[in-house]
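Engineer: Take this structure, written in structure tokens, and hold onto it; I'll ask about it next.
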């Protein structure tokens, strides 16, 4: 972190700490680089935020992430009026 020595004493929250603090309050966007897709999905499921999360990653990463998601999860897609519509994973 490049915030200077005056902030060196601060600890960064863990992913679980962060998700606990924001669950149900905000939508999330993850640019996933240093976490296994299965671990990310497990954390998102633990905190009930899977349906409020967008994940950016390589096609291979996203395929692994999708494979780890429970089938009852509701995916969202755009309709012709650019509104989000729910649809079920088959």
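The values are calculated or read from the model by the stated rules, or taken from the named source; none is laboratory data. Please read these numbers as outputs of a predicted model, since none were measured by experiment. Here the Cβ is made from the backbone with ideal geometry for all residues, glycine too, and neighbour counts use every protein chain on show.
Engineer: Please specify each residue of segment 1-43 satisfying the condition of being in a loop (DSSP other than H, G, I, E, B) and either touching a residue at least 40 places away in the same chain (Cβ under 8 Å) or touching a strand residue (DSSP E or B) at 6+ places or on another chain (Cβ under 6 Å) (or both).
Structural biologist: Pass one, segment 1-43, residues in a loop (DSSP other than H, G, I, E, B): 1-4, 8-14, 23-27, 32-36.
Result: 32, single match.
Engineer: Mind listing whichever residues of segment 49-74 are within 21 Å of residue 24 (Cβ to Cβ), at pLDDT below 90 and loosely packed, with under 14 Cβ neighbours inside 10 Å? Spell out how you get there, then give the answer.
Structural biologist: Looking only at segment 49-74, we keep the residues that are within 21 Å of residue 24 (Cβ to Cβ), and these are 49-55, 69-70, 72-74.
Remaining after also requiring at pLDDT below 90: 50-52, 69-70, 72-74.
51, 70, 72, 74 - these are the residues of segment 49-74 that are within 21 Å of residue 24 (Cβ to Cβ), at pLDDT below 90 and loosely packed, with under 14 Cβ neighbours inside 10 Å.
Engineer: Within segment 34-45, identify whether any single residue is out of contact with any helix residue (DSSP H, G or I) (no Cβ under 8 Å at 6 or more places or on another chain) and surrounded by fewer than 11 Cβ atoms within 10 Å (Cβ to Cβ), and answer yes or no.
Structural biologist: Scanning segment 34-45, I find at least one residue that is out of contact with any helix residue (DSSP H, G or I) (no Cβ under 8 Å at 6 or more places or on another chain) and surrounded by fewer than 11 Cβ atoms within 10 Å (Cβ to Cβ), so the answer is yes.
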